[in-house]
Amino acid sequence: MIYKNRNCTLYQVNLILKSIIFLGLGILVCTNCKEKARPNQNPQELAILSQLSEYDLFDKDENGNLIPKQFGTSYTLNTSLFSDYTHKDRVIFLPKNSQIQYESDKVFTMPIGTIISKTFSMPADLTKPTEDLQKLETRLLINQPKGWFAVSYTWNQEGTDAEIAYAGKNIPIQFKDTDGKKVNFTYSVPSRNQCTSCHQSYEGRSQSIVPIGPKAKHLNKEISTIDGNIKNQLSIWKEKGILAGLPYFAVPKLVDAFDNHHSVEDRARAYLDINCSHCHQGAGAAGMNSKLILTAEESNLSELGLCKTPGSAGKGGGGLRYDIVPGNADASILYYRMATQDSGAMMPQIGRALVHKEGLELIRNWINSMPAKECP
Ligand code: HEC
Ligand code: HEC
């Protein structure tokens, strides 16, 4: 009840009846719920706060790890966006007594007042990807009456709090890769404009910011629950009462791009979908002009890049002629642009500084596994 402004009076009355000590507490709680931008049911604008802690979204355990408050639901995706080998924790915080609406082929509809957070941390050693994590940034998407608002908060050295970073930030990082080699690089926290480059949609007439991950195809997966069982993530949401409209069958699903049980084709298409299709789709930034469509549903092979000459010539092409030459990754621009760290050519052009070795290898195997063909 402390998350709702309008319960304050009732709450206080109740407390007066109980004891004076609790009344003191009650006033404290009420002052807080006026000032802080907690998700609430009123379709009013939430204040954008300067410190992450002010939103009161997380508790901390004894090691400083963030534990989402009760109204938060942690979730994972079948495959993640590659972000320089960082570890990511995602949480959806819903206003009290509200629900997410299931959609089969687009982002789930979320109530106004929803906050989605994504916290990025760097493991000191990639062979132990969930240990010794340095918290870097927590990105927030806040569903305001006027639409989604995007901004990141960067963590202080001690990992005690994070501060709003409208303009982004560069953070020098060192870690050990899976071969035990030391890697130094500059991690780049995106500016608000950069959030928009990936999170924008031109659906309808105007440009707007949209979430990317909360779609059926990414969330439809088995996860282990606290009591050690394996359960479907969306079924858990439904049982918890936070998801409306989940059908009993025909829920779309993409494979985990790094699960060898699946075909290279399915894995590569899942990888391109989550890593590229937010720009490379009909309503995205790149789809508009380059006409290279990298969603998992795309069935037109030419739009997927096969024997397609790029819309934009020059440096980005690395001297090559086609986005994908079937059977020949080395002759394919798509492969080249994932393999390069050259800022004028690399894809995606923001959101990474390093090459994703494992992702690159997957795309290489996929292109090389296609029946070889000369492009006209
Ligand atoms: C390079 C493209 C890119 C940029 C830049 C980017 N994002 Fe995202 N973001 C994604 C993708 C793709 C996902 C979904 C995949 C995932 O979570 O791994 C995502 C997920 C998220 C999520 C979880 C909810 C969701 O939409 O899936 C939040 C919150 C978020 N981003 C906030 C931000 C903010 C704030 C910024 C700017 C500071 C930002 N992002 C910049 C691509 C980007
Ligand atoms: C932040 C948005 C964004 C993301 C994410 C992104 N791209 Fe692009 N991409 C663009 C834009 C804009 C262009 C057109 C300008 C250019 O060629 O640099 C483009 C062009 C391309 C081209 C040339 C296509 C043509 O036919 O003109 C290829 C190939 C490509 N991208 C591959 C990828 C791959 C593979 C990924 C994911 C690993 C990816 N891109 C992710 C924005 C993006």
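The values are calculated or read from the model by the stated rules, or taken from the named source; none is laboratory data. This one's a predicted model, so the numbers in the text were calculated from it and none came from an experiment. Glycine also receives a Cβ, built like all others from the backbone with ideal geometry; neighbour counts cover every protein chain displayed.
Just one residue in the set Gly284, Gly305, Gly314 is at pLDDT 95 or above and near ligand 2 (Cβ under 9 Å from one of its atoms); that residue is Gly305. When Tyr271 is tested against the conditions (1) modelled with pLDDT of 95 or more; (2) assigned to a loop (DSSP other than H, G, I, E, B), the lone failure is (2).
Here is a yes/no grid of residues against (1) of a type in the set (Lys, Arg); (2) surrounded by 16 or more Cβ atoms within 10 Å (Cβ to Cβ):
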site	(1), (2)
Gln101	no, no
Lys106	yes, no
Pro111	no, yes
Phe120	no, yes
Asp132	no, no
Arg139	yes, yes
Tyr153	no, yes
Ala165	no, yes
Ser191	no, yes
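Among residues of segment 348-376 being outside any helix (DSSP H, G or I) and touching a Gly at 6+ places or on another chain (Cβ under 8 Å), the one that is surrounded by the most Cβ atoms within 10 Å (Cβ to Cβ) is Met370.
Would you please name the residue that is nearest to Asn365 (Cα to Cα), looking only at residues in segment 258-283 that are more than 16 Å from the chain's Cα centre (by Cα) and within 13 Å of ligand 1 (Cβ to nearest atom)? Ranking the qualifying residues of segment 258-283, first place goes to His280. The residue pairs whose first member lies in segment 178-199 and is within 30 Å of Val107 (Cα to Cα), whose second member is among the aromatic types (Phe, Trp, Tyr) and surrounded by fewer than 17 Cβ atoms within 10 Å (Cβ to Cβ), and whose beta carbons are closer than 6 Å, counting only pairs six or more residues apart or on different chains, are Arg192/Tyr166.
Just the residues that are over 18 Å from the mean Cα position of the chain (by Cα) and on the phi > 0 side of the Ramachandran plot, please, taken from segment 41-95. The answer is Asp56, Gly64. Residues that are assigned to a strand (DSSP E or B), more than 13 Å from Glu137 (Cα to Cα) and within 16 Å of ligand 2 (Cβ to nearest atom) were ranked within segment 157-203; the one that is modelled with the highest pLDDT is Gln200. Only residues that are outside any loop (DSSP other than H, G, I, E, B) and touching a Lys or Arg at 6+ places or on another chain (Cβ under 8 Å) were counted across segment 115-127, and they come to 7.
Out of curiosity, is Ile112 in the same structural domain as Tyr166 (by TED's automatic domain parsing) and not in a loop (DSSP other than H, G, I, E, B)? No: the conditions fail for Ile112. Within segment 66-86, the set of residues being free of Cβ contacts under 8 Å to residues at least 60 places away in the same chain and either under 26 Å from Glu358 (Cα atoms) or in a loop (DSSP other than H, G, I, E, B) (or both) comprises Lys69, Gln70, Ser74.
Tell me which residues, restricted to segment 128-156, are in a strand (DSSP E or B) and farther than 30 Å from Ser208 by Cα.
If we filter segment 128-156 for residues that are in a strand (DSSP E or B), which is where we start, we get 133-144, 147-155.
Listed by number, the residues that qualify are Leu133, Gln134.
If you filter segment 321-347 down to residues that are of a type in the set (A, V, I, L, M, F, W, C) and part of a helix (DSSP H, G or I), you find that the one that is surrounded by the fewest Cβ atoms within 10 Å (Cβ to Cβ) is Ala331.
Residue under question is Ile293, and the condition is that it be surrounded by 14 or more Cβ atoms within 10 Å (Cβ to Cβ), assigned to a helix (DSSP H, G or I) and hydrophobic (A, V, I, L, M, F, W, C); does it hold? Here the answer is no, as Ile293 does not meet what is asked.
Do we have Val255 as loosely packed, with under 15 Cβ neighbours inside 10 Å and either more than 16 Å from ligand 2 (Cβ to nearest atom) or not β-branched (Val, Ile, Thr) (or both) here?
On the way: loosely packed, with under 15 Cβ neighbours inside 10 Å: no; either more than 16 Å from ligand 2 (Cβ to nearest atom) or not β-branched (Val, Ile, Thr) (or both): yes.
For Val255, the condition - loosely packed, with under 15 Cβ neighbours inside 10 Å and either more than 16 Å from ligand 2 (Cβ to nearest atom) or not β-branched (Val, Ile, Thr) (or both) - is not met.
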